[in-house]
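Data block below; observations after.
Values in this text are rule-based calculations from the coordinates and carry no lab data. Treat the numbers as computed from the prediction; the structure is a model and nothing was measured. Note that we place each Cβ from the backbone using ideal geometry, even for glycine, and neighbour counts take in every protein chain shown.
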Amino acid sequence: MAEPRSNELMEKIVSLCKRRGFIYQSSEIYGGINGFWDYGPLGAELKRNVKDLWWRHIVHHRDDVAGLEATIIMSPRIWEASGHVDTFSDPMIDCKTCKGRFRADQANEIPCPQKPSKMVSECHGEKTEPRAFNLMFTTHVGPVQDDSSVAYLRPETAQAIFAQFKNVLETSRQKVPFGIAQVGKAFRNEVTPRNYTFRSREFEQMELEYFIKPDEVVEAIQGRVAPAGDGHPGEPQSDWGWQRWHKYWVEERIRFYESIGLPRTTLEEYWQTPEELAHYARATVDILFQFPFGTQELEGIAARSDFDLSQHARCSGKPMAVFDEELRTAWKDLEEPRRQALWQRYHDARYGYLTRSGVDPEAAAAMAKDDADGLAKGNYVPHVIEPSAGVDRLILALIANAFSEVSETDAKGKTETRVIMRFHPRVAPIKVGVLPLLRNKPELVQKAKAVRDLLRPHLTVFYDDGGSIGRRYARQDEAGTPFCVTVDFETLGEKGPELADTVTVRERDTAAQTRVPIAELAAMLIAKTR
Ligand code: ATP
């Protein structure tokens, strides 16, 4: 029976990625290790570009976000407070016949051991009852390996942001609303890694925790909370409550994906239903991408209330509330009924959080009262909106989206199909190929190397003098290089002075060629690739 087209496409993608050095199986010479992938020369550049663009978009282009780079191994108490030790698990079942181990909801399909991009049906043997399997990798810190030295490889980058919230707040001189961003490795011992790099055991995340005022505080200061509204809500305003901020970040993230070449039509927003939401989340939107194996999550954007900071405050004993002078002043001027109503709402939310977290009702009532009394002093625990993206899933989405095949028939009537990776110039691993028309003409080579050195400080350049010019263009097309610069006899002035010191710039997607003076080359290519 013919394979579905999606599998064929995935197989082509996997094979191209290996052949061209985007992605290799980790430890391949020893037979590989399931759920781990390495990025080759082109993949490493692509990944670097994606992370740099995210960082620039989220941190450098804004006044209200600061960066963090925390360790992978942290105090295990962080993972107790976050809930990962108790609840970060998937239901796992064993097959009594084939001895395979599967996620209960995925037992009908597993990745083929020979071709990880292909899903095969699992045997129909008798299965055990599902049991919880914690996804965190454990290790030991220090020379003694016992329960007291257990530590975890972080399963997400977010928790370090919460744990360092106070330090960043103080040292960055930010004020709520503001965000803390982090890019880095995360590890999850996925029961069944699948769909190539989509579900890996070691991967990278790009996470932002954007801290906002609780709605009661916005209302106390501004007199109202702006309704959620439709579409991108525009520049942030001081009367935004969590719903507007959440919408804002969903729209910002989609804009980001569009800006690096994922068309809006390949993306979908999925709003989690109340039954799917984590108990502390007010809303979560998954941004989905149409992968060849199905439409699946690229990023999640969750409105997580004040759950995370509250948990760390409770478990560490270190206060996470912030002081806000504006709130203290505004509170004094509120009319008594409004003050009472806001106090009550804040109190009830805190009481709800505390009792759900296991604090007994009497103690919870006293703590919630203290918290609500804090409003009059200008104190509150910030809420958070969390856009959390996976680098590797985005790389896979960009590769799948860029992949295209063209069939060309040569003069002898021979038809060849070749791949063009149509990456957006912003993410393309190599921005410019520099090619001397012939490799055995020292003047051409010398000039081409001078052009390469001129561009190199600004752009990723690949110098290639091997094979016919057509072959070299094809090689760069397959790597996704958006521009090739060819140095020819015109450049040397051999065809007349007017073309001296000009080069041919060829565009990957149209194959159009234009003549450009070398003096204008760098500025032109920088503009086209930024
Ligand atoms: P899924 O439901 O697909 O397992 P998740 O909802 O558990 O994902 P989050 O915990 O929200 O994922 O993590 C945020 C992002 O990190 C995801 O949107 C995804 O891009 C990335 N991510 C999570 N798990 C993996 C993984 N095993 N491999 C690659 N990327 C991952």
Rounded if a/c under 1.5, otherwise prolate or oblate - segment 486-526, Cα gyration tensor axes
oblate
Would you mind checking which residues have amide H under 5 Å from G261's amide H? H placed 1.01 Å from N; only 5 or more apart, or other chain.
none
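Only helical DSSP H runs with n ≥ 4 go in: add -39500 (n - 2.57) per run for the chain, normalise by residue count and round the 222 nm mean residue ellipticity to 500 deg cm²/dmol.
Values: 16 runs with 184 residues, N = 530.
For the chain, the value works out to -10500 deg cm²/dmol.
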Once the Cα gyration tensor of the chain is found, what semi-axes does its equivalent ellipsoid get, as square roots of 5 times the eigenvalues, in whole Å, sorted largest first?
49, 32, 20
Straight-line reach from K247: which lysines have a Cα under 19 Å away, not including same-chain ones fewer than 8 places off?
K213
What distance in nm lies between label points placed 7 Å from Cα along the C-beta direction at T460 and S259?
1.9
Between segment 20-69 and segment 72-97, the alpha-carbon center distance in angstrom:
25
Straight-line reach from K495: which lysines fall under 22 Å, measuring Cα to Cα and dropping same-chain residues less than 8 apart?
K441, K447, K449
Mind checking the dipole of the chain: about its Cα centre, +1 per Lys or Arg Cβ, -1 per Asp or Glu Cβ, Debye to the nearest 20?
1620
Using a simple spin-label model with points 7 Å from Cα along the Cα→Cβ vector, what separation in nm is obtained for R19 and T415?
1.8
Label-point separation, V150 to D38 (7 Å along Cα→Cβ), nm:
3.3
Between segment 314-393 and segment 394-459, what is the C-alpha centre distance in whole Å?
56
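Roughly speaking, what is the stretch gain from S404 to K449, that is 0.36 nm per residue apart minus the C-alpha to C-alpha distance, in nm to one decimal?
On the way: separation 45, 0.36 × 45 = 16.20 nm, distance 3.09 nm.
Full extension from S404 to K449 adds 13.1 nm.
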